[in-house]
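The block underneath contains the structure these notes are about, expressed in structure tokens.
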Amino acid sequence: MKKVLFLFLVSSLTFVSCDSSDSSIEEKAISNEKEDSKLERRVLSTMTAGQLHNAYLDEMYAYLRGRGNINTSNIHVYSREFFSAFEYYDLALKRYRYTINTPNVRYDFSRQLNLEIENLNRRLDNSDFRNLDEFKNFVSSYRPLYIRERNDLIAWQNYTDVFSYSVIYWSTNLERWTILINRNAIGLSERRCSEGKFFRRAWCKIKEYAKTDAAAYQEEKQKNPSASFEATVLAGAAASAAAFIKDLIPPSQS
């Protein structure tokens, strides 16, 4: 699964001559695998958590689409299969199950960080940006009002990185995910979020998914400081996908 994920970033196909000996082929295969691993680490080192988060969601979409007919009886099975294919799947599965099974998810943040998140959400509720670049610039230039402690400032940076990318991802990919899982849900979503221009309508539809995964990513970093970068980002993506699926298919129907 990891190899597939980075196929769009890393092109490292190696062709072996037919007249090579078995030992030569094996040595080249080992060498190529090591080089792929080095290249993958370099790619990861240049990606933010938000960028990797969106790559995981793209990969999950491709995986589910490849399974064929997705419905209420198999969506959770296929989702768990996807996360289980990663060597660092534990946190992702935990986050997926928690988000699916918990009506109102909660996160263990400081009071100041919660106030800052609430303030950002209020500001966005009253905004209607012309495009997603304006939204991203707004979030990146937002100056915290409530948090002062260093740990909270770091947490805020982590949160807003994943949050910004998640909003952009779901704003541009919501329809294809909806069609993949339940074709009849688009009309309901449109009726529920019909006020304002592009951003306000999009924000109304997807804000819970973005808030859920950004918070899940940051909380995993707090609770599991020894967990890898990939593991905590995958956990956030799992929470985001679960929030979307739960919104489309309530637990009572799955």
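Worth pointing out:
Per-residue answers, yes or no, for (1) in contact with a Leu (Cβ under 7 Å, 6 or more places away or on another chain); (2) at pLDDT below 95; (3) within 20 Å of residue 231 (Cα to Cα); (4) in a helix (DSSP H, G or I):
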| residue | (1), (2), (3), (4) |
| --- | --- |
| 54 | no, no, yes, yes |
| 60 | no, no, yes, yes |
| 69 | no, yes, no, no |
| 73 | no, yes, no, no |
| 78 | yes, no, yes, yes |
| 83 | yes, no, yes, yes |
| 86 | yes, yes, yes, no |
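- Residue in the range 187-197 that is buried (at least 18 other Cβ atoms within 10 Å of the Cβ) and touching a residue at least 60 places away in the same chain (Cβ under 8 Å) present: no
- Residue in the range 97-109 that is in the same structural domain as residue 219 (by TED's automatic domain parsing), in contact with a Leu (Cβ under 7 Å, 6 or more places away or on another chain), at pLDDT 95 or above and not in a helix (DSSP H, G or I) present: no
- Taken over the range 113-148, the criterion of being of a type in the set (Asp, Glu) and in a loop (DSSP other than H, G, I, E, B) is satisfied by 128 alone.
- Hey, residue 117 of a type in the set (Val, Ile, Thr) and without any contact (Cβ under 8 Å) to a residue 24 or more places away in the chain or not: no
- Here 131, 151 are screened, and the one residue that is closer than 17 Å to residue 221 by Cβ, touching a helix residue (DSSP H, G or I) at 6+ places or on another chain (Cβ under 9 Å), surrounded by fewer than 16 Cβ atoms within 10 Å (Cβ to Cβ) and not charged (D, E, K, R) is 151.
- Test: residue in the range 200-219 that is in contact (Cβ under 8 Å) with a residue 60 or more places away in the chain, part of a helix (DSSP H, G or I) and of a type in the set (Asp, Glu): yes
- Residue satisfying all of: in the range 175-192; farther than 21 Å from residue 235 by Cβ and in contact with a Phe, Trp or Tyr (Cβ under 8 Å, 6 or more places away or on another chain); modelled with the lowest pLDDT among these: 180
The values are calculated or read from the model by the stated rules, or taken from the named source; none is laboratory data. What you see is a predicted model; the values in this text were computed from it and never measured. Glycine also receives a Cβ, built like all others from the backbone with ideal geometry; neighbour counts cover every protein chain displayed.
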